[in-house]
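Asks: The structure that follows is given in the form of C-alpha cells.
What follows is calculated from the coordinates using simple rules that are stated; it is not laboratory data. The structure displayed is predicted, hence computed values, not measured ones. Because the Cβ atoms are built from the backbone with ideal geometry, glycine has one as well, and the counts that use them run over all protein chains shown.
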Amino acid sequence: MTAGVIDDLAGDPPGGGRWACVADTVMGGVSAGQLRTEPVAGRRARHLTGTVSLANNGGFLQMAIDLAADGSSVDASASTGLSLIVCGDGQEYGVHLRTDDVRRPWQSYRARFRAPGAWTTVTLPFSGFAPHRLDAPLDLSRLRRIGLVAIGRPGPVDLALGDLRFY
C-alpha cells in the first residue's frame, strides 16, 4: 500500500486486492445485492446496493476487499485507524476487519458508522474496533481483509465508498 491508500478509485486498489460483494447466501441466507464501480452523487464510487433479509438465519450484505492480492496479511501497525469517504441512505453500517487470528466466518473486529446522503469523511480509530466472537486482541501487523457491511437489519442497502485509507 502506498501512503496509506487502500482504494482511492484512481484505478485498481494499490495492494492488488479486489472488491467482492458477499451476501449471507454463503451461509444459507437469502439477502441479495450487487457491487458496481459507478458515479454516485458526482463522484466515482464502489456502490453496494441490494436488500438484507433476516429469513433463513440470514442478515448481511457486504463489500469486502482482501488487502493483498494473494490473500496474505499486511502490516497496518503504523496506522491509527481507517478513513472512509462515504455516501449512502442514512443507515448505520459496520466495518469488519479480519486478521490472521480470525478463523471462522462469523468472527471479526467491528466498528460502526452512519452513511449520510451526502459525501462525508468518517474516521474510525483502530482502538474503537471490538472483537466479535473471538478472544484475540486486534493485531494490526496481520490485517487481511476489510468489509463494509449492512448487518442485522432487514431492508434496502445503498452504500457508496469514494475513498478508503489508513491514517
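Asks: For the chain, modelled as a Gaussian network with Cα springs under 10 Å, which listed residue fluctuates most, Ser108, Ser141, Ser31?
Replies: Of Ser108, Ser141, Ser31, the Gaussian network model singles out Ser141 as fluctuating most.
Asks: Counting Lys +1, Arg +1, Asp -1, Glu -1, what net charge surrounds Arg112 among other residues with beta carbon under 12 Å of its beta carbon?
Replies: +2
Asks: Which of Gly29, Gly59, Gly11 moves most in a GNM of the chain, Cα contacts under 10 Å?
Replies: Greatest mean-square fluctuation among the candidates belongs to Gly11.
Asks: For a quick check of your reading of the filter: which trypsin sites (Lys or Arg not before Pro) in the range 1-106 sit in a DSSP loop and have no more than 15 other Cβ atoms within 10 Å?
Replies: Arg18, Arg103
Asks: Which of the chymotrypsin sites (Phe, Trp or Tyr not before Pro) across the range 1-107 are loop residues per DSSP, with 12 or fewer other Cβ within 10 Å?
Replies: Trp106
Asks: Just one of (1) 1.08; (2) 0.93; (3) 1.15 is Rg/Rh (Cα atoms, Kirkwood Rh) as worked out from the coordinates here. Which one is it?
Replies: (2)
Asks: Could you please state, rounded to a whole Å, how far the C-alpha centre of the range 117-167 is from the C-alpha centre of the range 85-101?
Replies: The range 117-167 and the range 85-101 have Cα centres spaced 3 Å from each other.
Asks: If you don't mind, another one. To the nearest 0.05, how large is the calculated FRET efficiency for Arg36 and Arg133 if R₀ is 45 Å and r is the Cβ-Cβ distance?
Replies: 0.90
Asks: Considering the chain as a Gaussian network with a 10 Å cut-off on Cα pairs, which listed residue, Ala55, Ala130, Ala64, attains the greatest mean-square fluctuation?
Replies: Looking only at Ala55, Ala130, Ala64, the biggest GNM fluctuation is shown by Ala55.
Asks: Just flag the trypsin sites (Lys or Arg not before Pro) in the range 121-167 sitting in loop per DSSP whose Cβ has no more than 13 other Cβ atoms within 10 Å.
Replies: Arg133
Asks: Need the full-extension length gain, Arg104 to Asn56, defined as separation in residues times 0.36 nm minus the C-alpha distance. One decimal, nm.
Replies: Full-extension gain reported as 15.3 nm.
Asks: Another question, then. Mind checking the dipole of the chain: about its Cα centre, +1 per Lys or Arg Cβ, -1 per Asp or Glu Cβ, Debye to the nearest 20?
Replies: Charge dipole, the chain, about its Cα centre: 240 debye, nearest 20.
Asks: Further, regarding this structure: Of Leu97, Ala130, Leu161, whose Cα points farthest to the positive end of the dipole of the chain (charges on the beta-carbon: +1 Lys, Arg; -1 Asp, Glu; origin at the Cα centre)?
Replies: Comparing the listed Cα positions along the dipole, Ala130 ranks first.
Asks: Can you give the charge dipole size of the range 104-167 about its Cα centre, rounded to the nearest 20 debye, using +1 on the beta carbon of Lys and Arg and -1 on the beta carbon of Asp and Glu?
Replies: Taking the Cα centre of the range 104-167 as origin, the dipole is about 180 debye.
Asks: Hey, if you put +1 on the Cβ of every Lys and Arg and -1 on every Asp and Glu Cβ in the chain, which of Gly4, Val74, Thr51 ends up farthest toward the positive end of that dipole?
Replies: Going by the Cα projections, it comes out as Thr51.
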